[in-house]
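S.K.: One structure follows; several queries about it will come next.
The values are calculated or read from the model by the stated rules, or taken from the named source; none is laboratory data. On a predicted model such as this, the values are computed, not experimentally measured, just so you know. Note that each Cβ is placed from the backbone with ideal geometry, even for glycine, and that neighbours are counted across all protein chains shown. In case anyone asks, the SASA skips ligands and DNA or RNA and just uses the protein heavy atoms, side chains included. Shrake-Rupley method; radii C 1.70, N 1.55, O 1.52, S 1.80 Å.
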Amino acid sequence: MPYHLVVPGPAHTAAASIFASHPLIVGPAVTWTLRMPWKGDRPADRDQPPGLAFHVLGDDRRLTTHFRVVL
């Protein structure tokens, strides 16, 4: 069975979910971050550091995503 992964981004916040029965990973932004609705009324949080998502495909075809914050 083929394995499909959707990796959109950046979307100003890292996220992971299932979409149409497939894993979905959203990469963080390298600029500002979106706030969660419960974290205040301003949508943008320019004080948070940018982030990166590194996707590593192993020899066994296992995909591992590593999220890092850039300081």
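S.K.: Given the options 46, 61, 35, which has the most mean-square fluctuation in a GNM of the chain, springs set between C-alpha atoms less than 10 angstrom apart?
M.R.: 61
S.K.: Using a simple spin-label model with points 7 Å from Cα along the Cα→Cβ vector, what separation in nm is obtained for residue 16 and residue 56?
M.R.: About 1.4 nm, to one decimal.
S.K.: Follow-up. Starting with the highest mean, order 22-29, 62-69 by the number of other Cβ atoms within 10 Å, averaged over the residues of each peptide.
M.R.: Numbers: 22-29: 17.4, 62-69: 11.5.
Listed from highest to lowest mean packing, they are 22-29, 62-69.
S.K.: Please report the carbon-and-sulfur percent of the accessible area for the range 13-58; probe 1.4 Å, protein heavy atoms only, DNA, RNA and ligands left out. Please list the in-between numbers first.
M.R.: Values: 2060 of 3230 Å².
Of all accessible area on the range 13-58, carbon and sulfur atoms account for 64 percent.
S.K.: Please list 3J(HN,Hα) in residue order for the range 20-25, calculated via the Karplus relation 6.51 cos²θ - 1.76 cosθ + 1.60 where θ = phi - 60°; whole Hz, with x for glycine and proline.
M.R.: 6, 6, 10, x, 10, 10
S.K.: Something else: Along the range 60-71, what does the Karplus equation 6.51 cos²θ - 1.76 cosθ + 1.60 (θ = phi - 60°) give for ³J(HN,Hα), rounded to whole Hz, x for Gly and Pro?
M.R.: The phi angles translate into 8, 6, 8, 9, 10, 10, 10, 9, 10, 9, 9, 9 Hz.
S.K.: With θ taken as phi - 60° and the coefficients 6.51, -1.76 and 1.60, list the Karplus ³J(HN,Hα) couplings across the range 36-50 in order, rounded to whole Hz; mark glycine and proline as x.
M.R.: 6, x, 7, 9, x, 8, 8, x, 9, 10, 7, 8, 6, x, x
S.K.: If you don't mind, another one. Compute the accessible area per residue over the chain, keeping the other protein chains in place, probe 1.4 Å, unit Å². Spell out each step's value before the answer.
M.R.: Details: 5690 Å² over 71 residues.
Per residue, the chain has 80 Å² of solvent-accessible surface.
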